[in-house]
Structure formats: structure tokens, C-alpha cells
1. Looking at THR34, is it modelled with pLDDT of 95 or more, within 17 Å of SER110 (Cα to Cα) and of a type outside the set (Phe, Trp, Tyr)?
2. Of all strands (runs of 3 or more DSSP E) completely enclosed by region 1-94, which ones contain at least 3 residues that are open to solvent by 80 Å² or more (accessible area, probe 1.4 Å) and either touching a strand residue (DSSP E or B) at 6+ places or on another chain (Cβ under 8 Å) or without any contact (Cβ under 8 Å) to a residue 24 or more places away in the chain (or both)?
3. Would you check which residues across region 69-102 are in contact with a Gly (Cβ under 8 Å, 6 or more places away or on another chain) and either under 15 Å from ILE40 (Cα atoms) or of a type in the set (Val, Ile, Thr) (or both) and list them?
Amino acid sequence: ELNTVFVPFANVHVKTINMHAGHIKFSGNSKGITGTARLIYDDLKIEILKPDPKTHQVKKQGFVSFFANLFAIRAHNRVGKKEVIATNLHVVRKRRQPFANLIWEFFFESLKKVILKVPTPNLKVEM
């Protein structure tokens, strides 16, 4: 299930998605990863979560989630002329960064390019 990764690392809960295909192709070395990603899906709906600093439990941000689904999230990415493919992605490896974290960061950047309608230079994965 996707939420086992998205909730702790991105504070996002995937409510619905009909995933049809997904392909990620990358190559890397000690300096970073370069590649492309393609996701074909329908009916994506998410919930934005915010951790409570006292209890460390996450709470749904209803108002923010509503507007994210309405304006920021691409609900469908179907095969065809309007299909979005993340190309020429490059993630620089941080000093002493484990390879698994580098792959997760590349995956997260790929998802941002395909799923989000708006540019998000400040949206970072929490490691």
C-alpha cells in the first residue's frame, strides 16, 4: 500500500487512485541519479496531513486537502497527447547519503513532476 510510504515521509494520505501503469528508468553513480518516470492513473484524491507536535499523531487538513485536490493535483494522467512524463530528472547525492534515500528522493521528485499541476521548488521529502 502506498500510504505506508507517503504518510511518514510526505505527510500525504492517498484516498483513491486507480493505477494502470508505472515505469521509472534511472541511472546513477556516486554523484546522483538521472532518469525519467511515467505514471498512468485515474481518480487520484489525496489528504494533506499535519503532525501534532504534542501527540505526534497526524491530522487531516480538510481545507488544504480540498484545495490541493481541486487546483494542485492532476487527478488523471492518461495515455495520449496530454500525458505528463517526468523527463530529464536529476537528483544530486548529498554527502554520505544512503543509496536507498537517494532512490526515494528521485521517486518523490518524479511523483511531483507527474502528479502536481503547479511548480513546487520548496516541497521537499523528509528524510
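The values are calculated or read from the model by the stated rules, or taken from the named source; none is laboratory data. Note that the structure is a prediction, hence the values are computed from the model and not measured. Please note: Cβ atoms are built from the backbone with ideal geometry, for glycine as well, and neighbour counts cover all protein chains shown. We work out accessible area using only protein heavy atoms, side chains counted, and drop any ligands, DNA or RNA first. Shrake-Rupley method; radii C 1.70, N 1.55, O 1.52, S 1.80 Å.
1. Values: modelled with pLDDT of 95 or more: yes; within 17 Å of SER110 (Cα to Cα): yes; of a type outside the set (Phe, Trp, Tyr): yes.
For THR34, the condition - modelled with pLDDT of 95 or more, within 17 Å of SER110 (Cα to Cα) and of a type outside the set (Phe, Trp, Tyr) - is met.
2. Details: elements: 12-29, 32-51, 58-60, 85-92.
Correct list: 12-29, 85-92.
3. Residues satisfying the conditions are VAL91, VAL92.
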